Amino acid sequence: MIKLCKKCQASKIHLFFFLLVLFSSFQLFSQNSDFSDDDVIVVSAGKIEQNVEDASEKVQVISSEEIRDSGAKTLSEAVKNLPGVTVKGASGGNPVDSISMQGFDSSYVKILVDGVAVTGDLGGSTAVFEIPVEMIDHIEVVQGASSALYGSDAMGGVVNIITKKAEGEGGETTFHANLNEEFSYMKSGNWRNYASATASAAGEHLSSVVTASFDYTPGKEKSAYYALAGGSIDYFETPRKRLGFVRGSLDWTDGWGKIGAYGLFSDSLQKSNFTATGFNTGATMEYATKRIEGGLNGEYAAGDSLLFSGFSSVKNYKLDTSYDVKAGEDSSVTDTDSDFLDWESEIRASYNFNDFNKILLGVNGNLETIKGDSFDGRKKQLLLSAYAQDTLSLFDEKLSVVPGLRFDFVPEIDGAEAKFMLTPKVSLKYSPTEDTAIRFAYGMGYKTASLKQKHWIFYHNYASGEGNFILYGNPDLESEKSQSFNLSAEKKIADFKISAGGYFNFIKDMITSVVTDSSTSPQKRTYENVDKAITYGGEASLSYKIQRFDAKAGYACTQAKAYDKESGDWEELSLRVNHRITAGANYLVPRLEAKVGLSVEWNSRQRVATGKDEWTPDYLMLGANLSKTFWDEKIEAYIRGDNLLNSKNFKDGTDGQNQEEYFGLKDGTTVSVGVRVKL
């Protein structure tokens, strides 16, 4: 008899549990069927309100109930179970959470809150870990180039957060409040405390919502002797995280429309010692941020067919990064600070000519500024845009055709060359039957170089070898352009919903960092334009829903390659997840009336560096939850387990690192208990 090694036996056990979860997701049954379309109104596909089923582009919606069941506390945690969306950093020690789509990294995915772009930059990514879920009514995700409507940074897709609104009941003033307290304990001995509150009031015309949350994890500090550092050093084995957040809105609604104001403040701190290469001479990386934002928004109905809407917002984001490399009693500290101050305004007009033709016109102005330690003064960049879109419903609404065009202009400011861009788009939806939808979308995308890419000088000196470098900005960067094609089909069969689709993106002048001098220490790098690159892939999903049970499973594959002029070959880009599987199920147990749920997420290994046959380990997560409501659903108690396999994975990285070591999952299995109260 052949005897397997312990490592092989463990891998087979992990695979067994993984397949068991997938299989069980579709084997639970209930007696009463009550499947119906979600009557969800979305705005992200065309900047007009429409039912999600009627949108000409595929829109993935995550409801507040799904967010609550998943146990998510931040935006990055809320979207991580979508098959075509990759979240990096949310579970590891890396403080830079990022959201990637269709082979594009996070800098190509535009994050919006009620249609207003989120400002700030943390390692090239919007700081999605700083967006808590308490204010979220639902999340809308559109994959593929959306530049015709959303401008720069939307080549990979758009994530639009729709916030909660207060509504009156029968003209009477109503008050509501929700409290949430959760405590989590990790196998490592670390812990996490999360507290939040939401209060709302609504009358006949005036309504207000205030949300606040505080999320704190102390991390685990350790002390060790490190010979190369010449003494003992203190370091964070698991990161320390703190996030305080408050947001308030005030709206006046009348027969003519509505006007509102909002404001928010957040304060975040993260300290860690984690890098992809493991322990690195005791370097403590500290990220401290503050975000202040305020704005006005409104709608005006000029009759039954014409609607004006828009917003104006001012956004300030301060980022203070500190790298403290310790060696005994001595230390070397490098600070890299930045201050973003942006102003954005937009005005839209939509006109319904008739039941099958709707025109949308809009103008947008966005002044971006940045101030930092590595250059003098405040750098500025202005983007002026105008866009138009026509929505046509033909053949008794079986066919929808939505063409659009956007014009963007970047004037000469701070010595930058004036640039303009035309980005067309067209999307089609064909419904041969009520239960079938076929969608096709073409869009030309573009992305202007960010102010950081143009001017920043970034000192990455807290790691050895290739991790010790200086990255210089390049003010002569060209804007990136893309051609994006998306095709998808959906079919409902009884209580099942099947969806499948594919995409292809061609990118010209992609911006990436390259080594200009490897002989120096630190080595020198700068941003340059890559001649051309492509991304392609597809995804498939299956969902099942009846009265007490719902389940989802999805698979996504992605390829991303850049053309190397010297070799004449297409080389696979690094840190892309080529294969991804997600699955989840929830069941409401009869009589006990308690909800149980399971979720699983798996990412294949990623190439560490372009042109090199070096790979990360794969990534596997298993979670479970149990919740029960009391007193007419005014109180909900729950318990949840995350990382139930204690960071076990199928295949280690090329250098021998497993999932726990590479992704910094030192906390291991986490158990959380909490209570929600409705007042």
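The values are calculated or read from the model by the stated rules, or taken from the named source; none is laboratory data. Here the structure is a predicted model, which means the values were calculated and not measured. So basically every Cβ, Gly included, is an ideal-geometry build from the backbone, and we count neighbours across all protein chains shown. These area figures cover heavy atoms from the full protein model, side chains too; ligands, DNA and RNA do not enter into them. Shrake-Rupley method; radii C 1.70, N 1.55, O 1.52, S 1.80 Å.
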TODO: Filter the stretch 612-630 down to the residues that are more than 27 Å from residue 595 (Cα to Cα) and open to solvent by 30 Å² or more (accessible area, probe 1.4 Å), then identify the one that is modelled with the lowest pLDDT.
DONE: 612
- [ ] Read through the list (1) surrounded by 15 or more Cβ atoms within 10 Å (Cβ to Cβ); (2) in contact (Cβ under 8 Å) with a residue 60 or more places away in the chain, then give the number of the only condition that residue 594 fails.
- [x] (2)
Open item on the list: Tell me the residue from 582, 629 that is over 15 Å from residue 69 (Cα atoms) and polar (S, T, N, Q), please.
Closed with: 582
Task: Odd one out for residue 396, checked against (1) modelled with pLDDT of 90 or more; (2) more than 30 Å from residue 477 (Cβ to Cβ); (3) not aromatic (Phe, Trp, Tyr) - done: (1)
- [ ] Go through (1) open to solvent by less than 40 Å² (accessible area, probe 1.4 Å); (2) among the polar types (S, T, N, Q); (3) outside any loop (DSSP other than H, G, I, E, B) and name the single condition residue 646 misses.
- [x] (3)
- [ ] Report the residue count in the stretch 633-643 for those that are within 26 Å of the chain's Cα centre (by Cα) and assigned to a strand (DSSP E or B).
- [x] 5
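Hey, among the residues in the stretch 579-589 that are open to solvent by less than 60 Å² (accessible area, probe 1.4 Å) and of a type outside the set (Val, Ile, Thr), which one's nearest to residue 614 (Cα to Cα)? Spell out the reasoning first.
From the stretch 579-589, those open to solvent by less than 60 Å² (accessible area, probe 1.4 Å) are 580-589; that's our starting set.
Next, only the ones that are of a type outside the set (Val, Ile, Thr) stay: 580, 583-588.
Values: 580: 19, 583: 28, 584: 31, 585: 35, 586: 38, 587: 42, 588: 45 Å.
Applying the filter and picking the extreme gives 580.
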TODO: Go over the candidates 368, 346 one by one and state the one that is outside any loop (DSSP other than H, G, I, E, B), within 29 Å of residue 287 (Cα to Cα) and either open to solvent by 60 Å² or more (accessible area, probe 1.4 Å) or not polar (S, T, N, Q) (or both).
DONE: 368
Open item on the list: Condition first: within 30 Å of residue 659 (Cβ to Cβ) and either open to solvent by 20 Å² or more (accessible area, probe 1.4 Å) or at pLDDT 80 or above (or both). Now tell me which residues in the stretch 285-310 satisfy that.
Closed with: 286, 287, 288, 289
- [ ] With the checklist (1) closer than 25 Å to residue 237 by Cβ; (2) assigned to a strand (DSSP E or B); (3) open to solvent by 20 Å² or more (accessible area, probe 1.4 Å); (4) among the small types (Gly, Ala, Ser) in hand, flag the one item residue 189 doesn't pass.
- [x] (2)
Task: Condition check for residue 207: at pLDDT 95 or above, of a type in the set (Gly, Ala, Ser) and touching a strand residue (DSSP E or B) at 6+ places or on another chain (Cβ under 6 Å) - done: no
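Mind checking which strands (runs of 3 or more DSSP E) fall wholly inside the stretch 381-500 and carry at least 3 residues that are in contact (Cβ under 8 Å) with a residue 60 or more places away in the chain, open to solvent by 20 Å² or more (accessible area, probe 1.4 Å) and farther than 21 Å from residue 108 by Cβ? Let's see the steps before the verdict.
Working: elements: 399-410, 419-430, 436-447, 457-460, 469-472, 480-493.
Where strands (runs of 3 or more DSSP E) fall fully within the stretch 381-500 and carry at least 3 residues being in contact (Cβ under 8 Å) with a residue 60 or more places away in the chain, open to solvent by 20 Å² or more (accessible area, probe 1.4 Å) and farther than 21 Å from residue 108 by Cβ, they are 457-460.
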TODO: Would you confirm whether any residue within the stretch 174-185 is part of a loop (DSSP other than H, G, I, E, B) and either more than 23 Å from the chain's Cα centre (by Cα) or in contact (Cβ under 8 Å) with a residue 24 or more places away in the chain (or both)?
DONE: no
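From 149, 206, grab the single residue that is more than 20 Å from residue 634 (Cβ to Cβ) and open to solvent by 50 Å² or more (accessible area, probe 1.4 Å).
Values: 149 fails: open to solvent by 50 Å² or more (accessible area, probe 1.4 Å).
One residue alone meets the criteria, 206.
Of all the helices (runs of 4 or more DSSP H) wholly in the stretch 1-110, which have at least 3 residues that are over 13 Å from the mean Cα position of the chain (by Cα) and at pLDDT below 75? Give the steps one after another, and end with the answer.
Details: elements: 6-24, 64-70, 75-79.
Per the criteria, 6-24.
For the stretch 564-573, what are the residues that are free of Cβ contacts under 8 Å to residues at least 12 places away in the same chain and either part of a strand (DSSP E or B) or open to solvent by 70 Å² or more (accessible area, probe 1.4 Å) (or both)? Can you show your working first?
Going through the stretch 564-573, the residues free of Cβ contacts under 8 Å to residues at least 12 places away in the same chain turn out to be 566-569.
Residues satisfying the conditions are 566, 569.
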Task: Qualifying residue in the stretch 631-643 (condition: open to solvent by 70 Å² or more (accessible area, probe 1.4 Å) and over 27 Å from residue 179 (Cβ atoms)) - done: no
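Go over the candidates 629, 654 one by one and state the one that is without any contact (Cβ under 8 Å) to a residue 40 or more places away in the chain and either out of contact with any Phe, Trp or Tyr (no Cβ under 9 Å at 6 or more places or on another chain) or not in a helix (DSSP H, G or I) (or both).
Step by step, each of 629, 654 is checked, and only 629 is without any contact (Cβ under 8 Å) to a residue 40 or more places away in the chain and either out of contact with any Phe, Trp or Tyr (no Cβ under 9 Å at 6 or more places or on another chain) or not in a helix (DSSP H, G or I) (or both).
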TODO: Could you list all residues from the stretch 161-173 that are assigned to a loop (DSSP other than H, G, I, E, B), touching an Asp or Glu at 6+ places or on another chain (Cβ under 9 Å) and charged (D, E, K, R)?
DONE: 164, 165
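Among what's in the stretch 651-679 and is within 26 Å of the chain's Cα centre (by Cα) and over 18 Å from residue 238 (Cα atoms), pick the residue that is most open to solvent (accessible area, probe 1.4 Å).
673
Filter the stretch 354-397 down to the residues that are of a type in the set (D, E, K, R) and out of contact with any strand residue (DSSP E or B) (no Cβ under 6 Å at 6 or more places or on another chain) and list them by number. Please lay out each step first, then the result.
Initial filter on the stretch 354-397 (of a type in the set (D, E, K, R)): 355, 358, 368, 371, 373, 376, 378-380, 390, 396-397.
Those that are of a type in the set (D, E, K, R) and out of contact with any strand residue (DSSP E or B) (no Cβ under 6 Å at 6 or more places or on another chain): 355, 376, 396, 397.
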- [ ] Test each condition in (1) in contact (Cβ under 8 Å) with a residue 40 or more places away in the chain; (2) over 26 Å from the mean Cα position of the chain (by Cα); (3) open to solvent by less than 50 Å² (accessible area, probe 1.4 Å) for residue 576 and report the one that comes out false.
- [x] (2)
- [ ] List every residue pair whose Cβ atoms lie under 8 Å apart, where the two residues are 6 or more positions apart in sequence or sit on different chains, the first residue falls within the stretch 189-202 and is closer than 18 Å to residue 71 by Cα, and the second residue, located anywhere, is surrounded by 20 or more Cβ atoms within 10 Å (Cβ to Cβ) and aliphatic (A, V, I, L, M).
- [x] 192/186; 198/135; 198/209
Task: Residue among 545, 532 that alone is closer than 24 Å to residue 445 by Cβ and open to solvent by 40 Å² or more (accessible area, probe 1.4 Å) - done: 532
Open item on the list: Give all pairs with beta carbons closer than 6 Å in which a residue from the stretch 506-518 that is without any contact (Cβ under 8 Å) to a residue 60 or more places away in the chain and over 16 Å from residue 574 (Cβ atoms) meets a residue that is outside any strand (DSSP E or B) and not hydroxyl-bearing (Ser, Thr, Tyr); count only pairs at least 6 apart in sequence or on separate chains.
Closed with: 509/478
